[in-house]
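K.L.:
Take a look at the following structure, please.
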Amino acid sequence: MNRIHTLFNTKKDRVLSIYFTAGFPKLEDTMPIMEAIQAGGADIIEVGVPYSDPVADGPTIQDSNMIALENGISLKKIFEQLAGFREKIHIPVVLMGYLNPIMQYGMEEFCKKCQEVGVDGLILPDLPMQQFIDDYKGLFEHYGLVNTFLISPQTSDKRIREIDENTSGFIYMVSSHSITGAKSGISEEQIAYFERVKAMNLKNPRLIGFGISDTETFTTASNYSNGAIIGSAFIKTVKDSKNLSEDIRDYIQSVMD
Amino acid sequence: MIKVDEKGFYGRFGGAYIPEMLHPNVEELRESYEAIMASGEFQDEFRGLLKDYVGRPTPLYFASRLSEKFGAKIYLKREDLCHTGAHKVNNTIGQIILAKKLGKKRIIAETGAGQHGVATATVCALMGMECTIYMGEIDIARQHPNVERMKILGATVVPATSGSKTLKDATNEAMRAWINNPVDTHYIIGSVVGPHPYPEMVARFQSVISEEIKWQLQEKEGTENPDIVIACVGGGSNAAGAFYHYYNTPDVRLVAAEAGGLGVNSGKTAATTAKGTPGILHGSKTILMQTEDGQVVEPHSISAGLDYPGIGPVHAHLFDVGRGEFVAVEDKDAMAAGIELSRLEGIIPAIESAHAIYALNLIEYSKDDVIVINLSGRGDKDLDTYIKWGGY
Ligand SMILES: Cc1ncc(COP(=O)(O)O)c(C=O)c1O
C-alpha cells in the first residue's frame, strides 16, 4: 500500500507535512534535511523541485529556488541525491514541482524514476486537472504515485467535488487567496472557508498549507482538517542554520508541541 | 486551418497550465469573453473608442522610397500613429471594457518596454480604474520615460525584483498579484501569451489591424491580399493582429521577425524559434528558450519589447506547421534599419518595428510583390537607445 494511504489510515489528526527546496541552502543538503525532518517527527516530506519561474510562490521560496539552481540542482541531480533514500527514510515522500522541468525530463521517465527511488506522490501545481485526467492519470497509477490537487477559497463546490474524485492522496487546501509565504494569524474568513470544505465530507484527507508557520497556526489549521503543510517558514529556518539537524528538530518540535 | 480549439490549443500549443488559485479567474474570462465581445454594446464602445480615442483606422501608407530601394511595393501599416505610440492600445481598450463588464474594480498588468504599461495606464485613466503595473527593475532603469508616463497617468509602478528582473519576471509578479487579488482585479496581459483564453482574446482585439489592411489594400491595389505580411514578434500580438485575417489564406506569406540580439548563436538572443524548444511558459505550452533541465533562459534584445524568452502559442503553431516564415534580426541590423527608415520615409520607428523593416533583407520576394509591414510603434520611447547607438 502507498505510504500516504497507510499514514492517513492510522493518523487522522495533526498530520504535519514539511516542504523544502532540494539543493538548498547547499547543493548536498537534500538528504540531511530529509533525515532531519523525519527525526524531528514530521509525517510527510515534500521535496521541492526548483524552477526558474515559480508563479505560485512568494519571495522566500523564489529565493530558495534561485539559490538551489545556482548551486547546480536539476531534476537529474535530485534523483541522484534520492537514490537509496528508502534505506533511511520510512515516512511518505512527495515531489512538488512545476510542470516544465518535468516535461523536459519526460513525464513517463519521471514517474518511473519516482517509483524506482521510492517517491509516493506528486504535487504539480500548474498541471490542470483536465490535462491530468486526459494524459497522466493512468501513468501515475501505473507507477504507484498518488496525486494531490490544490483548492483555494475561490474554488467552487462543484470543482472541489471533481478534484476530490480525481485525487488519490490528499487535498492541498491553500489557506487564503495568496501565494506562498508565512503571514501571521488566520482570519475569520479563512475559518469560514475551512468549515465549508470540512462540511463537504470529502473522501480524501485535507491538509492546509500557505501561511502556516508555528504551533498556533498549525493547531488552528488542524482543527479544521487532517493537518497542515509548512513551507516558507521552514525554508527560513534552514536558510540561516548553522546546525541543520538540531535547528530542524527544534523547529518541528516547536510546531507539533 | 489556423484556429484555436475548445481547450485553447493551436495544434499542440496553447492550453491553460495554471495553478488552481488562478483557475476561477481564468475560467470566468473563458466563459464570458466571447459572449461579451459579440454583444452589440461591447462592439459599439470598442469601435467608438478605437475611432475617436485611438485614432483608427491607422493609415496604410505606400512607402515609395523604401519600395524603390527594395524593388517591391511596400506598404507600412501605421500602428505607430495610434494614441500612446504603438499597437498595444488596441488590446488594452478591449480588455478594459471587458473588465468593466465583468464588474472588476482594479487593473494589473506587466510591461517590458513600458509600451503596454503606458497603454494600460492610459485606459485606466480613461475609465477611472485603479492601475498597478509590474515592471522588471532593469527595464525600469532602461525605459525611464515610460515609467514617468505611467506615473503621470496615475498608475502605480511596482518593480519586479525576482529572477532576471525583466519582462518574464514582471509577468510572474503580475500573475502572483492576481493570485493575491482574485475577486475585484482583472489582469490585462499585453501580448498573445498566457493561459487560454488570453492568446486568442488579445489576438482578436489586435485583429483590427488586418481587418483594416484588407479594405485599405482593396482600395489601393484592388485586392485584399498582399503577397507578404511582415511583423516583429516579441510575444507576438502585433504580428497576430496583422496575420489574423490571413491565417487561412495560404497565398499570403506571413513573415515573423524575431530578435536575433547579438546573433542567434551568441548566447545573447531572443530568437525563440531558432533557439527554443517546446515547453510551458506563463501558462501555455509554446516554444521557449530553456536549458535542458527546463529552466527558462534569459533572453537578450536591444529592444525591450522583444526581450522575451517565449512566443505566443499561435506563433509556435505557425512555425510548427510551416505557415509562418521566421527570421532573426540582429540588434545592429535593426538599428541600421531604424535609421534607414527615418532617412527614407521620415518615420523613426520603434526598435521593435525596425526588426520587421530589416526582415526585407532576409526573405525572398519578387519585383511586383505587394508587401505590408506592420509598423507596430514609433521611436520616441527609444530615443535614448538611438542616441547611445549613434551611427546617424
Ligand atoms: C512598438 C512595439 N512593437 C512590438 C512589441 C512587441 O510585442 P508583440 O510581439 O506582442 O507585438 C512591443 C512591446 O512592447 C512594442 O512596444
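The values are calculated or read from the model by the stated rules, or taken from the named source; none is laboratory data. Owing to the predicted nature of the structure, the values given are computational and were not obtained by experimental measurement. Positions of Cβ are generated from backbone atoms using ideal geometry, with glycine treated the same way; all protein chains shown enter the neighbour counts. Ligands, DNA and RNA are excluded from the accessible area calculation, which covers all protein heavy atoms including side chains. Shrake-Rupley method; radii C 1.70, N 1.55, O 1.52, S 1.80 Å.
K.L.:
Might you let me know whether segment B:171-190 holds any residue that is within 16 Å of the ligand (Cβ to nearest atom), of a type in the set (Asp, Glu) and touching a residue at least 12 places away in the same chain (Cβ under 8 Å)?
P.N.:
Checking segment B:171-190: not a single residue is within 16 Å of the ligand (Cβ to nearest atom), of a type in the set (Asp, Glu) and touching a residue at least 12 places away in the same chain (Cβ under 8 Å).
K.L.:
Looking at B:Ala271, B:Ala259, B:Ala304, can you tell me which residue is within 15 Å of the ligand (Cβ to nearest atom), more than 18 Å from B:Glu200 (Cα to Cα) and out of contact with any strand residue (DSSP E or B) (no Cβ under 8 Å at 6 or more places or on another chain)?
P.N.:
Answer to the check: B:Ala304.
K.L.:
Go through segment B:278-294 and give me each residue that's within 18 Å of A:Leu69 (Cβ to Cβ) and part of a strand (DSSP E or B).
P.N.:
B:Gly279, B:Ile280, B:Leu281, B:Leu288, B:Gln290
K.L.:
Could you list, in sequence order, the residues of segment B:180-191 that are modelled with pLDDT of 95 or more and either touching a Pro at 6+ places or on another chain (Cβ under 9 Å) or in a helix (DSSP H, G or I) (or both)?
P.N.:
Of everything in segment B:180-191, those that are modelled with pLDDT of 95 or more and either touching a Pro at 6+ places or on another chain (Cβ under 9 Å) or in a helix (DSSP H, G or I) (or both) turn out to be B:Ile189, B:Ser191.
K.L.:
Taking segment B:46-101, which residues are in a loop (DSSP other than H, G, I, E, B), touching a Lys or Arg at 6+ places or on another chain (Cβ under 6 Å) and of a type in the set (S, T, N, Q)?
P.N.:
B:Thr58
K.L.:
Related question: Looking at A:Asp53, A:Asp63, which is the one that is within 14 Å of chain B (Cβ to nearest Cβ) and closer than 23 Å to B:Thr277 by Cα?
P.N.:
Matching residue, one of A:Asp53, A:Asp63: A:Asp53.
K.L.:
List the pairs whose first member sits in segment B:338-350 and is touching a residue at least 24 places away in the same chain (Cβ under 8 Å), whose second member is open to solvent by less than 30 Å² (accessible area, probe 1.4 Å) and not in a helix (DSSP H, G or I), and whose Cβ atoms are under 6 Å apart, counting only residues at least 6 apart or on separate chains?
P.N.:
If the second residue must be open to solvent by less than 30 Å² (accessible area, probe 1.4 Å) and not in a helix (DSSP H, G or I), the pairs left are B:Gly338/B:Pro349; B:Leu341/B:Ile347; B:Leu341/B:Pro349; B:Glu345/B:Ala63; B:Pro349/B:Leu375; B:Ala350/B:Gly377.
K.L.:
Within segment B:88-120, work out how many residues are away from the ligand (no atom under 14 Å from the Cβ) and either in contact with a Cys (Cβ under 6 Å, 6 or more places away or on another chain) or within 14 Å of chain A (Cβ to nearest Cβ) (or both).
P.N.:
Final tally of qualifying residues: 3.
K.L.:
Further question: So which of A:Ile208, A:Ile191 is in contact (Cβ under 8 Å) with a residue 24 or more places away in the chain, among the β-branched types (Val, Ile, Thr) and surrounded by fewer than 17 Cβ atoms within 10 Å (Cβ to Cβ)?
P.N.:
Result: A:Ile191 is the single residue among A:Ile208, A:Ile191 that is in contact (Cβ under 8 Å) with a residue 24 or more places away in the chain, among the β-branched types (Val, Ile, Thr) and surrounded by fewer than 17 Cβ atoms within 10 Å (Cβ to Cβ).
K.L.:
Looking for something in contact with a Lys or Arg (Cβ under 6 Å, 6 or more places away or on another chain) and over 19 Å from A:Tyr19 (Cβ atoms) - is there at least one such residue anywhere in segment A:220-235?
P.N.:
Within segment A:220-235 (the criterion being in contact with a Lys or Arg (Cβ under 6 Å, 6 or more places away or on another chain) and over 19 Å from A:Tyr19 (Cβ atoms)), the answer is yes, since at least one residue qualifies.
K.L.:
Out of the residues in segment B:192-206 meeting the condition of being open to solvent by 10 Å² or more (accessible area, probe 1.4 Å) and part of a loop (DSSP other than H, G, I, E, B), tell me which one is farthest from the ligand (Cβ to nearest atom).
P.N.:
Only one residue tops the list, namely B:His196.
K.L.:
Something else: Filter segment B:364-392 down to the residues that are crowded, with 17+ Cβ neighbours inside 10 Å and within 16 Å of the ligand (Cβ to nearest atom) and list them by number.
P.N.:
Across segment B:364-392, the qualifying residues are B:Val372, B:Ile373, B:Asn374, B:Leu375, B:Ser376, B:Gly377, B:Arg378, B:Gly379, B:Lys381, B:Asp382, B:Thr385, B:Tyr386.
K.L.:
Continuing with the same structure: State whether one or more residues within segment B:153-166 are within 9 Å of chain A (Cβ to nearest Cβ) and either surrounded by fewer than 19 Cβ atoms within 10 Å (Cβ to Cβ) or at pLDDT 95 or above (or both).
P.N.:
Checked against the condition, which is being within 9 Å of chain A (Cβ to nearest Cβ) and either surrounded by fewer than 19 Cβ atoms within 10 Å (Cβ to Cβ) or at pLDDT 95 or above (or both), segment B:153-166 yields at least one hit.
K.L.:
Please tell me if A:Phe210 is within 28 Å of A:Pro50 (Cα to Cα), aromatic (Phe, Trp, Tyr), under 17 Å from the mean Cα position of the chain (by Cα) and at pLDDT 95 or above.
P.N.:
no
K.L.:
Shifting gears a bit: Mind checking which residues of segment B:95-113 are more than 23 Å from B:Val183 (Cβ to Cβ) and modelled with pLDDT of 95 or more?
P.N.:
Answer for segment B:95-113, where residues must be more than 23 Å from B:Val183 (Cβ to Cβ) and modelled with pLDDT of 95 or more: just B:Thr111.
K.L.:
Next question. I'm checking my understanding of the structure. Among residues of segment B:1-40 that are of a type in the set (Val, Ile, Thr) and within 14 Å of chain A (Cβ to nearest Cβ), which one is surrounded by the fewest Cβ atoms within 10 Å (Cβ to Cβ)? Before you say what the answer is, go through the steps one by one.
P.N.:
Step one: list which residues in segment B:1-40 are of a type in the set (Val, Ile, Thr), which gives B:2, B:4, B:18, B:26, B:36.
Those left that are additionally within 14 Å of chain A (Cβ to nearest Cβ): B:18, B:26.
Values: B:Ile18: 26, B:Val26: 21.
Ranking the qualifying residues of segment B:1-40, first place goes to B:Val26.
K.L.:
Okay, next question. Please work out which residue is farthest from the other protein chains (Cβ to nearest Cβ), limiting yourself to segment B:348-363 and to residues that are closer than 15 Å to B:Leu306 by Cα and more than 10 Å from the ligand (Cβ to nearest atom).
P.N.:
Going through the qualifying residues, I end up with B:Ile357.
K.L.:
Would you tally the residues in segment B:167-198 being within 13 Å of another protein chain (Cβ to nearest Cβ) and out of contact with any Gly (no Cβ under 9 Å at 6 or more places or on another chain)?
P.N.:
Count: 9.
K.L.:
Follow-up. Filter segment A:127-166 down to residues that are under 18 Å from B:Val26 (Cβ atoms) and within 14 Å of the chain's Cα centre (by Cα) and give me whichever is surrounded by the most Cβ atoms within 10 Å (Cβ to Cβ).
P.N.:
Checked segment A:127-166; the qualifying residue surrounded by the most Cβ atoms within 10 Å (Cβ to Cβ) is A:Phe149.
K.L.:
Within the group B:Asn225, B:Asn248, which residue is open to solvent by 10 Å² or more (accessible area, probe 1.4 Å), under 21 Å from the mean Cα position of the chain (by Cα) and farther than 20 Å from B:Ser353 by Cα? Reasoning before the result, please.
P.N.:
Details: B:Asn225 fails: under 21 Å from the mean Cα position of the chain (by Cα).
The match here is B:Asn248.
K.L.:
Hey, another quick one. Could you go through segment B:252-275 and let me know if any residue there is in contact with a Ser or Thr (Cβ under 9 Å, 6 or more places away or on another chain), within 14 Å of chain A (Cβ to nearest Cβ) and not hydrophobic (A, V, I, L, M, F, W, C).
P.N.:
no
K.L.:
Quick check on this structure: which one of B:Gly85, B:Gly112 is in contact (Cβ under 8 Å) with a residue 40 or more places away in the chain, over 25 Å from B:Glu28 (Cβ atoms) and touching a strand residue (DSSP E or B) at 6+ places or on another chain (Cβ under 7 Å)?
P.N.:
Result: B:Gly85 is the single residue among B:Gly85, B:Gly112 that is in contact (Cβ under 8 Å) with a residue 40 or more places away in the chain, over 25 Å from B:Glu28 (Cβ atoms) and touching a strand residue (DSSP E or B) at 6+ places or on another chain (Cβ under 7 Å).
K.L.:
Out of all the residues in segment B:73-97, which are among the hydroxyl-bearing types (Ser, Thr, Tyr) and more than 16 Å from the chain's Cα centre (by Cα)?
P.N.:
B:Tyr75, the sole residue that qualifies.
K.L.:
Which of the residues spanning segment B:210-265 are acidic (Asp, Glu), touching a helix residue (DSSP H, G or I) at 6+ places or on another chain (Cβ under 9 Å) and not in a strand (DSSP E or B)?
P.N.:
Scanning segment B:210-265 gives B:Glu211, B:Glu224.
K.L.:
Where the second residue is charged (D, E, K, R) and the first is free of Cβ contacts under 8 Å to residues at least 24 places away in the same chain and lies in segment B:270-284, which pairs have Cβ atoms under 8 Å and are six or more apart or on separate chains?
P.N.:
The qualifying pairs are B:Gly279/B:Lys285.
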